[in-house]
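Heads up, the thing below is written out as C-alpha cells.
Computed from the coordinates by the stated procedures, all read-outs in this text should not be read as laboratory data. Predicted model only: the values in this text are computed from it and were never measured. No Cβ is skipped: glycine too gets one built from the backbone with ideal geometry, and neighbour counts run over all protein chains shown.
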Amino acid sequence: MSAMHTVTRKAFIVIAALATIGAATGCHKKASGVDPNSLGPPPAPPSAAPTATLTADPLAIDLGQSVVLNWRTQNATSVTIDGIGEVNLNGTQTVTPSTSTNFHLTAKSDGGATEASVRVTVRVPVAPTAPAITEGDMGSDAAFHQNVQDVFFDYDSFELRPDAATSTTQAASFLAAHPAIKVVIGGYCDDRGSAEYNLALGENRANAAKTGLVAAGVAATRIRVISYGKEKQFCTEENESCWQQNRRAQFSLDR
Amino acid sequence: MLSPKRTSPTLYRLVALLFLLSCAASLRAQDWFKTETSSGISSIRIAAADFKPLSADPQTIGFKKTFDATLFNDLSNAGIFDIVSKSLLPQSTPGAPPEINLPQWSAAPTSASMVAFGGINVQGGKLVCNGYLFDAKNLQYPQVLAKQYSEDASDDAARQIAHRFADEIIFRLSGGSQGIAETKVYYVKIGGGGKEIWAMDYDGANQHAITHLGTVSLSPRISPDNSRLAFSSLDKSGFQIRMFSLVLNRMVNFPAAGGTNLSPAWDPNGKEIAYSSSRSGDPEIWISSPDGAAPRRVTSFSGPDVSPVFNPRTGAQIAWISGRTNLPQLYIMDTDGSAVQRMTDGGYATSPSWSPNGQFLAFAWDRKYGPGAPGGQDIYVMEVATKRWIQLTHDGGRCDFPSWSPDGRHIVYANTADGSAAHMKVWTMLADGTQKRPLTSDGADMPNWSWK
C-alpha cells in the first residue's frame, strides 16, 4: 500500500511540475486573449461548509488493472486523500491498488470539513499465479509460459483448432491482467514441404494466433509476429509426433 | 504434328525440350519420356585435343591441365555434343593449325566431325592461349574458329579462358545458342547454425561466400545484369528483403517493410522485383522497384502467396505459389494481378522457375502429398500453354528449387537423398532430366542460375 502511494505521489509531483513548466513556457502566449483586469473582483472568501463527492471507475478491478478516482468539492480550501496527500480541489487520479482499498477524501474550509469515501474492490485470482506484477514489469518467463501456451496446427493449415481456443482464452485473461506484457508470436512449420512456402504459412499461423488473442480482447499493438517457417525446429525426427511439435505458434515475452 | 519441327534442326537444337514435349503429346501426363539422342537426331561428334604446352615449366603444365579438364567438361556438359572419349584421341597434340593432321582425327576410332585444339603458354606473367575449332571433314577450309586469350596467369584464369572458348564453340555449333560456361550459380550454404549466400561457377568450381551476415539468409536471386543479388534474411523483426551489390561488394539499402518479406524475383529488364510480403497482414505478392520504392500489391487472397517469378521472355506475367485452396498450387497471372490461372491440379507444388523462352515452368511437385502418402517431391516441367507436364527426377529423395540455365537447356536444383535438410546438395541436369550430377557437397540449397 505505502509503496503504491509513494509512486502515485511522485507521479502527482511530476504532473504538477510539468503543468508549472507548461504554464511558464508554452502557455503565456495564449494569455493575451483574456485581460485579467476585466474579470472583476475576486470572489468573496467562502464561508459556507464544503461539500465533496468521490467516485471511482470502475468500482471493481482485476489485480493489476487501474482505477480512475474522480472528486468534486465546493467551498473547500484544501482537499486531501488518505495515502495520496493534498490534491487539487477538483481532480482525477489513476491508481493501481494491489488489494481492496477504501479511498478517503477530506475537504476543509473555514466553514468546516466534510468527508467522502469510495471502496475499490480488487479481485485477486484464487489460482496460483505469478507474484503480483506491477506496471512496467513483464514478470517471469515461467509465469508467462504457464498461462500463455503455444498453439498447434494441423498439417498445411493455419486455422486455430478447438484445443487452441481454450488456451487462447486463458492467454487473453492472463494478458488482460498483465497490461505491461508485450508478446511476440513465432510461426513454425514442420520440415516437410518447401522453405519459402513454409515461411509464408508460418506467417499465417502466427497471424491466426494473434487474431485469436485480439478477438479475446488483447490490443493488437501489444503483439508482434515473426515467421520462422521451417528454419527453426523444435524437434528433428521424421515422424508425426515430431512434425506436430513443429507446427505451432509460439508465444514469448517481447522484451 | 512433328514435321514442322523436323524441318528445322537448328530450331530443334535450340528448343530440344519443346520438341520432346511435342513427341509426348499423345502421352499426356506420363512420367517418362525419350532422351534427345534416342529421338533419331545425332549430336555433333567433337574431339577436344589436349592443348599443347608451349613451354615446359611446371606452371604452364598445371594451367594446361586445368584448361583441358574444364574445356572437356564444358563441351560434354553442353548436352549438344557427342564428345570423343580422351582414350580414343590420336597421340599427337597439335598446338597450331600447321601441326594438325585432320584425317587422323576424322578416321575411326576418333571419328570426330569437329576438333578443338591449340596451344597454351605463360609469357611475362600472362597466360596466353590460342584456341582453334576445325571441321575435320572439310580438308580445304577446315577452320571454323580461331581465338586468342590473354589473362593474368592463374589457375582461375585457365578455367575462365576454357569456359569462354567452350562458349564460343557452343555458340558456333548450336546455331547461335549462348553457352553457359561463363554463368554462375548462387545458392544457400548451410553451416554453423546459419545460412549464408554463396556463389560458384556453373560447373561447381570456385565456390565462395558472398554474405557474412551470421543469420539465416534464403532465396538468392541474381539481377539480370549480374550487378545485384536480392535475397531474404532473418533479423529481429523477421524475414526481410535484403540487397547485395556485386559491383560494390557490400550490402546496399533495401527498406524494411512490416511483416515477413520473402522470395524476391527480378523482372527481365531489372527494373522491378516481385516478392511475398505480409505487410498488410496476409502473405501476398508485391512488386516494387529494386530499391523498395513504389510497392504495390498484386494478389489479395487469404493464405500464403509466395515464390513469384517473372516470365523472362515478356516480363508481363508472374508464376507463383498460392495456398488459397489449402495445399500450395502453381498459378500464373499478369503482373497487374489479372488473368489468374491455376496450373497444377493437386498435390503440393512449390518453387517455380520460368524457362528463358517463356514456354515452360519448372517446379517442385509432390503429387500425392499428405500424411502417410508415399509421394516424393520431384522436379517437373510444364508447358505453360497446354499445362502438359513431364517428370524429370525419380525416386532420388526430395527435390526442390529448380532454376533454368540462360540457354534453357539445363536445370540446376536442390536434392537430399534421405530427406534431411543437412544433406541437401545442389545438382545440375539437362532439361530433359538426363546427365544428373551434383555440383556441391552436403549443405547447399536454393540454387539460382544467373541470367547470362
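Structure notes:
- Other residues with beta-carbon under 9 Å from the beta-carbon of residue B:231 carry, at +1 per Lys or Arg and -1 per Asp or Glu, a net charge of +2.
- With each label modelled as a point 7 angstrom along the Cα→C-beta vector, the residue B:147-residue A:170 pair spans 7.0 nm.
- Cα-based values for the stretch B:243-335, radius of gyration first and Dmax second, are 13.3, 43 Å.
- Cβ-based exposure ranking for B:169, B:321, in which fewest neighbours within 10 Å come first: B:169, B:321
- For chain B, the longest principal axis of the Cα atoms and the long axis of helix B:58-77 meet at an angle of about 60 degrees.
- Rounded to the nearest whole angstrom, the semi-axes of the ellipsoid equivalent to chain B, taken from the Cα gyration tensor as √(5λ), stand at 41, 27, 19, largest first.
- Viscosity 1.567 mPa s, 4 °C: Kirkwood-radius Stokes-Einstein D of the stretch A:141-253 over Cα pairs, µm²/s: 94
- On full extension, the segment bounded by residue B:227 and residue B:441 gains 74.3 nm, given 0.36 nm per residue less the C-alpha separation.
- Electrostatic bookkeeping for residue A:73 treats Lys and Arg as +1 and Asp and Glu as -1; over the other residues with beta carbon under 13 Å from its beta carbon, the sum is 0.
- Each Lys or Arg adds one and each Asp or Glu subtracts one; over the other residues with Cβ under 12 Å from the Cβ of residue B:49, this totals 0.
- Take the convex hull of the alpha carbons in the stretch B:44-173; its mean projected area over all directions comes to 7.1 nm².
- In summary, the aspartates and glutamates within cross-link reach of residue B:64, defined as a Cα separation below 16 angstrom excluding same-chain residues under 8 places away, comprise B:50, B:74, B:151, B:152, B:155, B:156.
- The calculated 222 nm mean residue ellipticity attributable to helices in chain B amounts to -4000 deg cm²/dmol, summing -39500 (n - 2.57) over DSSP H runs of n ≥ 4 and dividing by all residues.
- Counting other Cβ atoms within 10 Å as a rough exposure proxy, the listed residues A:68, B:340, A:87, B:306 run A:68, B:340, A:87, B:306 from fewest neighbours to most.
- Among A:199, B:88, B:218, a tally of other beta-carbon atoms within 10 Å of each Cβ gives an order, fewest to most, of B:88, B:218, A:199.
- Hits among aspartates and glutamates - C-alpha to C-alpha of residue A:182 under 17 Å, sequence gap 8 or more where chains match: A:135, A:137, A:141, A:150, A:254
- Tail fraction, Cα-Cα pairs, the stretch B:66-117, threshold 15 Å, whole percent: 49
- Theoretical FRET efficiency, 1/(1+(r/R0)^6), r = Cβ-Cβ of residue B:418 and residue B:325, R0 35 Å, to 0.05: 0.65
- Using only the C-alpha atoms, the convex hull of the stretch B:184-449 corresponds to 124 Å³ per residue.
- Calculated FRET efficiency for the pair residue B:107/residue B:56, C-beta based, R₀ 25 Å, to 0.05: 0.25
- Cβ-derived FRET efficiency at R0 45 Å, residue A:119 paired with residue B:279, nearest 0.05: 0.40
- Pairs from A:210/B:425; B:86/B:184; A:232/B:387; B:271/B:436; B:65/B:184 whose Cα-Cα separation, in the structure shown, is over 32 Å: A:210/B:425; A:232/B:387; B:271/B:436
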